[in-house]
């Protein structure tokens, strides 16, 4: 690991200044779970790490009649165990509780979970310069590529999947994110717009500039009759990223679905919202047949690679189960 300067930031503005405009020279560290992996694998070799743990009042969960506010340093364990979140924002509590191990959840932060880097084998192999690292191609997309875990929706020119569990749940709950930069905090933006597809810039996963940070996540209070859930399939139940996941938030009125938000994880380079599936549900009474119809609509445009076609039926099952659970 290359030697680097370690600086404790006193506030977000100073953190932005210390980060500067060159993403290769400085990186943020909070929980450090993903960052330390990248350092050890020589994927990044910054001259400086900017510690956010010393910034006061970034570790909080605040709830009122308008909704929920999460400081960027709120830990996943705190979110998982928070009584109000488990009651009114169940998908978020379930997603946070599905991350890693208890040890990781007590260190990992909500800001870090949203901003973590891809887990694709080619990206994580320091000897391979794939398109995510400025190379010529996405090796996973080749006919003989190792693409078992890669994207079936929204891929190209990179076919990574976004690794965050909390992101699909928060997008389903219509969350906003507050970004802080050299000039202070920007107006909140929809979290759905925070993430970017590879065709915009294959080397990035979100809109953050090198000197910007996630400061806060805001979640509006769900409408009466809204229930949400998060389901995830992983190869190792004890500790793994999602092979496929789904977050649903349904507003039910006397058995009829008035509003629906369905967001997929583990199958696309961003949390993948499905308006096609949502349209199937709105204004109708939900049963197994309708849930299956919505699942088919969500995956109708899937384009699997050579070794990940299994994700299509797998994700459909998760969608059906999540819809029925939220509509119960």
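All of the numbers you see were taken from the coordinates with simple rules; none came from a lab. Computed from a prediction, not measured in an experiment: that's the story for all the values here. Backbone-built Cβ (ideal geometry, glycine too); neighbour counts: all protein chains shown.
Any chance you could run the full-extension gain for residue 201 through residue 13? It's 0.36 nm times the residue separation minus the Cα-Cα distance, nm to one decimal.
Values: separation 188, 0.36 × 188 = 67.68 nm, distance 2.63 nm.
The residue 201-residue 13 span can extend by a further 65.0 nm.
Paramagnetic label reach from residue 22 (point 7 Å along Cα→Cβ; backbone nitrogen cut-off under 18 Å): within segment 187-225, residues 209-212. As a proxy for reagent exposure, ranking 195, 159, 239 by other Cβ atoms within 10 Å from fewest up yields 239, 195, 159. Each of 251, 101, 54, 229 has some number of other Cβ atoms within 10 Å of its Cβ, and from fewest to most they run 101, 54, 251, 229. When DSSP beta bridges are restricted to pairs lying wholly in the chain, around 85% turn out antiparallel. In the list [x] 53, 53, 35; [y] 59, 52, 34; [z] 77, 49, 34, the label attached to Cα extents along the principal axes in Å as derived from the coordinates here is [y].
Taking label positions 7 Å along the Cα-Cβ direction at both residue 61 and residue 288, the computed distance is 3.6 nm, reported to one decimal. Packing here is the average count of other Cβ atoms within 10 Å per residue, and on that basis the peptides 7-14, 65-72, highest first, run 65-72, 7-14.
For the pair residue 41 and residue 190, a Förster radius of 45 Å applied to the C-beta separation gives a FRET efficiency near 0.90, rounded to the nearest 0.05.
How do 141, 164 rank when sorted from fewest to most other Cβ atoms within 10 Å of their own Cβ? Provide the component values of the computation, followed by the final result.
Working: 141 20, 164 27.
Placing the least packed residue first, the sequence is 141, 164.
Could you tell me the distance between the Cα centroids of segment 23-96 and segment 259-309, to the nearest Å? Value for the Cα centre distance between the two parts: 28 Å.
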